[in-house]
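Report on the following structure.
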Amino acid sequence: MSDPAAEPLKLIALDAEDLAVVSAHLQDAVVRKGDIAWLPAEQRFALALRRFDWEGAERGQKRRRLAALHFERVTSARSVKIEPGAKDAVFSLLAVTFAEAQSPAGEVTLHFSDGAAIRLGVECIEAQMKDLGPIWEAAATPAHPDPG
């Protein structure tokens, strides 16, 4: 029987609802600072992540896979609690959100662990997430402390 979670995932986000779906699939993805690129001349922001396979986790499988996420029509990018150097620094992505400013423009925020964030000024939401390559076994399932 084929494992549907093993199939590469490819998602496009054109509004906040789509972006929430992308965010859910990228929750707990691990990213190296050296795998993040802001290309202002192309109005593009891109990153490579090692995402946790939450669909497989529902069946008791602990797996990760390499994925790419990029945003088009990006007018600005700024970071919070991310040092300029340290290309090997590793961050855990918690969520991707959108706050509308003057429709359809707004700010996409990539929320990382320990309060780190990247804020992208965008003309509109235009993002794509795509799995790259095979799945591999992960050491553990990501866990979050109970806030209450």
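Side notes on the structure shown:
- Conditions (1) on the phi > 0 side of the Ramachandran plot; (2) buried (at least 20 other Cβ atoms within 10 Å of the Cβ); number of the one not met by R73: (2)
- Matching residues, the stretch 89-148, being out of contact with any Cys (no Cβ under 9 Å at 6 or more places or on another chain), of a type in the set (A, V, I, L, M, F, W, C), free of Cβ contacts under 8 Å to residues at least 40 places away in the same chain and farther than 21 Å from G34 by Cβ: A99, A101, A143
- Some residue of the stretch 3-10 being in contact with a strand residue (DSSP E or B) (Cβ under 6 Å, 6 or more places away or on another chain), in contact (Cβ under 8 Å) with a residue 12 or more places away in the chain and closer than 18 Å to F112 by Cα: no
- Scope the stretch 22-38; condition under 14 Å from K130 (Cβ atoms) and either without any contact (Cβ under 8 Å) to a residue 12 or more places away in the chain or not in a helix (DSSP H, G or I) (or both); matching residues: A29
- Which listed residue is out of contact with any Asp or Glu (no Cβ under 6 Å at 6 or more places or on another chain), modelled with pLDDT under 95 and small (G, A, S), from S103, S76: S103
- Output for the stretch 123-148, where each listed residue is modelled with pLDDT of 95 or more and more than 16 Å from the chain's Cα centre (by Cα): E123, C124
The values are calculated or read from the model by the stated rules, or taken from the named source; none is laboratory data. The shown structure was predicted, so the numbers you read here are calculated from the model rather than taken from an experiment. All Cβ positions, even for glycine, are placed from backbone atoms using ideal geometry, and neighbour counts span all protein chains on display.
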